[in-house]
Every structure is written in C-alpha cells, then in structure tokens.
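Below: one structure, written as structure tokens.
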Amino acid sequence: MLSTLTRTALRTAYGRGMRRYTSAQGGRVFETKAETFDRDVLDSKVPTIVDFYADWCQPCKMLGPILSRAVERDGRANLAKINVDENLDLARDYQITSLPTVMAFRDGEPVGAFIGMRPPAAIEQFIKETVEKQ
C-alpha cells in the first residue's frame, strides 16, 4: 500500500489522470473496442467493469462519470468503456439491447450486470460485489 505522501507525490509528478498502471492494478478507466476486448477485458488479471454506452444516450452521459469516479476511488477493478455504435458486433455478442448496460467480468466470465442509471452508492456496491465475488 502506498503511503499518503507517496500517492500525493505521484499525483503531483504525473498529474491527475496520468497514473502509471500495470496489468495487475485496478482503478484504470479506458476505451476499448471489439479488436482489443479479449485482451483488455477477458484476459485481464483485474476484475473489469464494462460500460456499454452511446454518445447520444443521455443516461449514459450521466452514468459514465459516476462509474469512472467509483472505479478510480475503489482501485480494485478497471472500467472499460465501449461505444456500441462503433462496436455493433460486440454489442450483439453480449445481447446489449438497452443503454446504458454495465457488465462485470472476472477471469474472462461475466459475473454481474445492470441496465440503466444507478445512484453512486449502488454502483459502489456493484463494484464491491464484483471484486469480492469468489
């Protein structure tokens, strides 16, 4: 565990949002696409929350920042964001019919999901259940 002083120094040195991560660390928020989904999500050593969204979707615009903050704050899972308009095949493969749809993956398998807007406390609970699921 990094000390508060070390975390502050890293944040100052690299700027907010410029953290350095390895594949075994959580708290990362990134865009992915069909071509990199296997590597980014299914092969990840870290539980990964996947946000299926579209730019035109108002609830997606509200949920996205809440998900990002919760994942960054918790630090035990990553958040992969997938624009369904640009990745129709992937959306079809996971039977995404409503937006936003959020799915949790561990060890390459889906372990949870929800559709629609959720309050921050419910999102934090969803992340906790994802990372602590055996």
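Read-outs: derived from the displayed coordinates by stated rules, not from any lab. Worth saying up front: this structure is predicted, and the values here are computed from it rather than measured. Here the Cβ is made from the backbone with ideal geometry for all residues, glycine too, and neighbour counts use every protein chain on show.
Worth pointing out:
- Reciprocal of mean inverse Cα separation for segment 31-114 (Kirkwood radius, Å): 12.7
- Amide H contacts under 5 Å for LYS81, placed H, 5+ residues apart: PHE30, GLU31, THR32, ASP51
- With the simple model of a label 7 Å out from the Cα in the direction of the Cβ, ASP38 to LYS133 spans 2.2 nm.
- 3J(HN,Hα) couplings calculated from phi for segment 30-37 with the Karplus curve 6.51 cos²θ - 1.76 cosθ + 1.60 (θ = phi - 60°) are, in sequence order, 8, 7, 9, 8, 4, 5, 10, 4 Hz; Gly and Pro show x.
- Anchor LYS61: aspartates and glutamates whose Cα lies under 12 Å away (excluding residues fewer than 8 positions away in-chain): ASP51
- Nonlocal amide H pairs with MET117, under 5 Å, H built at 1.01 Å: none
- Straight-line cross-link partners of LYS128 among the lysines, defined as a Cα under 22 Å from its Cα and at least 8 positions apart when in the same chain: LYS45, LYS81.
- Packing, taken as the mean count of other beta carbons within 10 Å per residue, orders the peptides 88-97, 38-47, 73-82 from highest to lowest as 73-82, 38-47, 88-97.
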